[in-house]
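Q: One structure is given below, represented as structure tokens, and several questions about it will come after.
Every number here is computed from the coordinates shown, using simple stated rules; none is lab data. Just so we're clear, the structure is a prediction, and the values are computed from it rather than from any experiment. Ideal geometry is used to build each Cβ from the backbone, glycine not excepted, and the neighbour counts take in all protein chains shown.
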Amino acid sequence: MSPANLPTPAASDNLVAKVYLIGAGPGAADLITVRGARLLAQADVVLHDALVTEEMLELCPQAVKISVGKRSGQRSTAQQVINERLIECAHQYRLVVRLKGGDPMLFGRADEELRALDSQNIPYEIVPGITAALAAASSAQRPLTKRGVARSVSLFTSSTAPDEPSEFIMPNGDTLVQYMGGREAAATAQRLLSLGYARTTPVVVVENCSRDNERILDLELGTLEQGLAQCSGPVLVMIGEALASRD
């Protein structure tokens, strides 16, 4: 349903519209923050990502729900359209929630949406969420840092906007965490091997993190070079010696 055609709920005229960018966390409804859940329960309208679960949306039964999903490699809502809908809703509703998977400030295109809100002088607040890297490390029970082994972590994605250059420089870090890494896993492994990484470097892949169908794969970098054709859901790839099995 287009926001332009949505009914405006009754509200006091002296209230000022406000937009909340809320991190939904990795997927499980009970991993959202208390503040995020409280605001969802008060929201008039919720614009949510494709990866936000139905269980999460049950936290806001009173709200109008608008899917503005973006999935890597799939047909999805253009960012400019999302920006326009966000502004339209801010002019129609008193409490607007933009619900994003993970944390809004990490690979969440928050800058583009905040710029759009700034251009219209629309007030907003950001509520952090548990990002996938931390949730995946917890699910796999493998710390991303380890004393004497890993003291730095690099979070990266190979996904780019259409107008961005395609060249990619592998980041530095004792532990590497690749977001949206399912289709790019083989290329990542090949780049690291070409840089001198050992084929036995530990790799942990977490698919559908924190959900009922979560799957955890223990691999090595040489195996990752073959790709992740067996994975169809959202994938996070963690690479580094800190991820070695404690056994």
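Q: Working from Cα positions, state the angle (0 to 90°, nearest 10) between the long axis of helix 79-92 and the longest principal axis of the chain.
A: So the inclination is approximately 30 degrees.
Q: For a quick check: sort Thr188, Thr33, Thr200 by the number of other beta carbons within 10 angstrom, fewest at the front.
A: Thr200, Thr33, Thr188
Q: While we're here: Give the relative contact order (percent, whole number) for the chain; include only Cα pairs under 8 Å separated by 6+ residues. Please list the in-between numbers first.
A: Values: 477 pairs, mean separation 48.6, N = 247.
For the chain, the relative contact order is 20 percent.
Q: Further question on the same structure: Applying 1/(1 + (r/R0)^6) with R0 = 51 Å to the Cβ-Cβ distance of Arg147 and Glu112, what FRET efficiency is obtained, to the nearest 0.05?
A: 0.85
Q: Next question. What angle, in degrees between 0 and 90 and rounded to the nearest 10, separates the Cα long axis of helix 185-194 from the longest principal axis of the Cα atoms of the chain?
A: Roughly 40 degrees between the two axes.
Q: Residue separation times 0.36 nm, minus the C-alpha to C-alpha distance between Ser154 and Asp174: what's the value?
A: Additional length available on full extension: 6.4 nm.
Q: List the lysines whose alpha-carbon lies under 17 Å from that of Lys65, not counting same-chain residues fewer than 8 positions away?
A: Lys18, Lys100
Q: For labels at Asp212 and Glu125 in the simple 7 Å Cα→Cβ model, what's the distance in nm?
A: 3.3
Q: Give me the number: length gained by fully extending Gln226 to Arg199, i.e. 0.36 nm times residue separation minus the C-alpha to C-alpha distance, one decimal in nm.
A: 8.5 nm
Q: Another one. With a point put 7 Å past each Cα toward its Cβ, work out how far Ala78 is from Thr53 in nm, to one decimal.
A: About 3.3 nm separates the two model spin labels.
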